[in-house]
Amino acid sequence: MTDSGEIILVGAGPGDPDLLTVRALRALERADVVVHDGLVSAEILDLAPGGARMISVAKRRARHTLPQEQIGELLVREARAGHIVIRLKGGDPFIFGRGGEEVEDAHRAGIPVTVVPGISSALGAAAAAAMPLTHRDHASTVTFVAGQCRGLSDQNWAGLAGKGRTLVIFMGVATSAAIAEKLMDDGLSPATPIAILERATLPDMRVLRAMLADLPGLVERENVESPALIVVGDVARLGVRTAQLLETVS
Ligand code: SAH
């Protein structure tokens with residue numbers, strides 16, 4: 001342990017422990033303290049040293065997540081105590097992971113901070129489903145958006161989806177009806193292909209497909225639960241079905 005500790009933001013990937021990077025695993029093995037989200041699986045948490053203190057800042061239904069401000073304070077306090085603090089996040093820390101705010105907190109406190117990228121769930125999910133997000137025949141642009149964030153209705157999504165484009169929506173299950181409506185109001189055809197990639201890279205992953213107009217219906221009929229991604233565009237037709245996944249996802 002050094003006099004002053006450090007904070008390492010580590011992307012844990014989409015779920016399957018095999019999709020951790022070598023650097024993420026090495027960082028995790030050095031941890032004195034691990035501060036993790038709910039999306040990080042028990043199998044990955046088990047890779048931390050036996051003596052490391054594990055602190056969950058997970059969302060629970062009845063309770064809100066630890067406010068971001070308090071997470072920042074926790075990281076800084078633990079690092080000031082001389083610890084190597086691993087902030088472990090699902091996917092990549094800088095894709096809808098609020099990693100940017102934690103880097104700022106560390107900078108303000110004068111604590112050394114580094115970032116280990118992770119395989120974002122969008123990339124892990126696409127690979128597991130064999131659904132290319134870009135394809136010479138179907139899409140030459142791909143956009144990641146958050147379906148649940150401040151002022152969804154105020155955001156301008158015009159042009160994010162449509163011919164030759166792939167839109168990947170994170171955190172969109174609860175707001176799927178509003179999302180479908182927003183996209184159709186923007187002029188997207190109700191017959192645009194969509195896919196839902198649920199619990200991607202985990203053994204019980206599902207790939208569900210429909211047309212845009214039926215997105216909320218699909219979510220309801222299939223009881224889709226978070227974490228799931230919604231892919232909008234022609235590439236949503238490509239790839240494997242849930243039954244075929246069982247052979248690729250271990
Ligand atoms: N930093 C993460 C995203 C965090 S936001 C990343 O890079 O992937 C949380 C959202 O990510 C979830 O609501 C869901 O939309 C998506 N997500 C994370 N893990 C997922 C998984 N295994 N399968 C499908 N979606 C996932």
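The values are calculated or read from the model by the stated rules, or taken from the named source; none is laboratory data. These numbers were taken from a predicted model, which means no experiment stands behind them. Accessible surface areas use protein heavy atoms only, side chains included; no ligands, DNA or RNA. Shrake-Rupley method; radii C 1.70, N 1.55, O 1.52, S 1.80 Å.
List of remarks:
- Helix 68-80 axis, angle to the chain major axis (alpha carbon atoms, nearest 10°): 30 degrees
- The stretch 148-207-the stretch 65-92 distance, computed between alpha-carbon centres (Å): 31 Å
- For the chain, projected area of the alpha-carbon convex hull averaged over all directions, nm²: 14.0 nm²
- Counting only protein heavy atoms and a probe of 1.4 Å, the accessible surface of the chain is 52% carbon and sulfur.
- Taking the longest Cα principal axis of the chain as reference, the axis of helix 99-109 is set at about 20 degrees.
- Relative contact order [Cα under 8 Å, 6+ residues apart], the stretch 1-129, whole percent: 42 percent
- Amide H contacts of Val35: Ile55, Ile86, Arg87, Leu88, each under 5 Å away and 5 or more positions distant or on a separate chain (H built 1.01 Å from N in the peptide plane; Pro and chain starts excluded).
- Accessible surface for the chain, divided over its residues, is 51 Å² per residue with a 1.4 Å probe.
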